[in-house]
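Asks: Mind looking over this structure? Questions follow.
The values are calculated or read from the model by the stated rules, or taken from the named source; none is laboratory data. Here the structure is a predicted model, which is why all the values come from computation and not from measurement. Reconstructed Cβ throughout: ideal geometry from the backbone, glycine too, with neighbour counts over all protein chains shown. These accessible areas exclude ligands, DNA and RNA; they are computed on the full protein's heavy atoms, side chains included. Shrake-Rupley method; radii C 1.70, N 1.55, O 1.52, S 1.80 Å.
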Amino acid sequence: MPAEDGGFCVIGLAAKVPLDEVFCGIPWSTHAVFEATLSRLRAAETRVRVLDSAYDVDRPEDLERLRLDLESRDPAGENYPVATARVLAALMPRRFGT
C-alpha cells in the first residue's frame, strides 16, 4: 500500500521474492521509495497488486493527523484501532483520550 509521502505503509511479499534484489539500493526516506520498490518488484517478475494510498505515521508531526483521524471514528466500531489509540493517548494525554 503506497503512502502519500512516496513510501509505503504496508508491503506483503511471497517467500520466493528476492529481497536483496528488491530492497538493496532503494533511496530510503525519499519520495521515490514506492516507485523504486515497485520497479524492482516488476523487474524481478513479481506479481504486484497496488492498493489505494494512505498516510503513514513516521514523523512526530504525523501524530496530530492520526489523532484527528481517530477522533473522527467510532471507538466501538469493528475496525477501530484500540491499541493504537491507547498508545496515542499515552503520548498525547492533553490532546487525546483524557
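Asks: Name the single residue, out of those in the range 59-72 being basic (Lys, Arg) and open to solvent by 60 Å² or more (accessible area, probe 1.4 Å), that is nearest to LEU88 (Cα to Cα).
Replies: Residue satisfying both the conditions and the ranking: ARG65.
Asks: From LEU38, LEU13, LEU63, which residue is modelled with pLDDT of 95 or more and among the hydrophobic types (A, V, I, L, M, F, W, C)?
Replies: LEU38
Asks: Can you tell me which residue within the range 1-35, out of those that are part of a helix (DSSP H, G or I) and of a type in the set (D, E, K, R), is nearest to LEU66 (Cα to Cα)?
Replies: GLU35
Asks: Run down PRO81, PRO93 and say which single residue is without any contact (Cβ under 8 Å) to a residue 24 or more places away in the chain and open to solvent by less than 40 Å² (accessible area, probe 1.4 Å).
Replies: Among PRO81, PRO93, only PRO81 is without any contact (Cβ under 8 Å) to a residue 24 or more places away in the chain and open to solvent by less than 40 Å² (accessible area, probe 1.4 Å).
Asks: Does ALA76 satisfy the criteria of being of a type in the set (Gly, Ala, Ser), part of a helix (DSSP H, G or I) and either at negative phi or surrounded by 10 or more Cβ atoms within 10 Å (Cβ to Cβ) (or both)?
Replies: So ALA76 does not fit the description; no.
Asks: Given the conditions (1) of a type in the set (Val, Ile, Thr); (2) in contact with a Lys or Arg (Cβ under 8 Å, 6 or more places away or on another chain); (3) touching a residue at least 40 places away in the same chain (Cβ under 8 Å), which single one is not true for VAL22?
Replies: (3)
Asks: Restricting to the range 36-53, count the residues that are more than 30 Å from ARG65 (Cβ to Cβ) and assigned to a loop (DSSP other than H, G, I, E, B).
Replies: The number of residues fulfilling the criteria is 4.
Asks: Considering only residues of the range 41-58 that are touching a strand residue (DSSP E or B) at 6+ places or on another chain (Cβ under 7 Å) and small (Gly, Ala, Ser), which is surrounded by the most Cβ atoms within 10 Å (Cβ to Cβ)?
Replies: Of everything passing the filter in the range 41-58, SER53 is surrounded by the most Cβ atoms within 10 Å (Cβ to Cβ).
Asks: Kindly evaluate VAL33 against the criterion of being more than 13 Å from ALA54 (Cβ to Cβ), touching a strand residue (DSSP E or B) at 6+ places or on another chain (Cβ under 7 Å), without any contact (Cβ under 8 Å) to a residue 40 or more places away in the chain and open to solvent by less than 70 Å² (accessible area, probe 1.4 Å).
Replies: Here the answer is yes, as VAL33 does meet what is asked.
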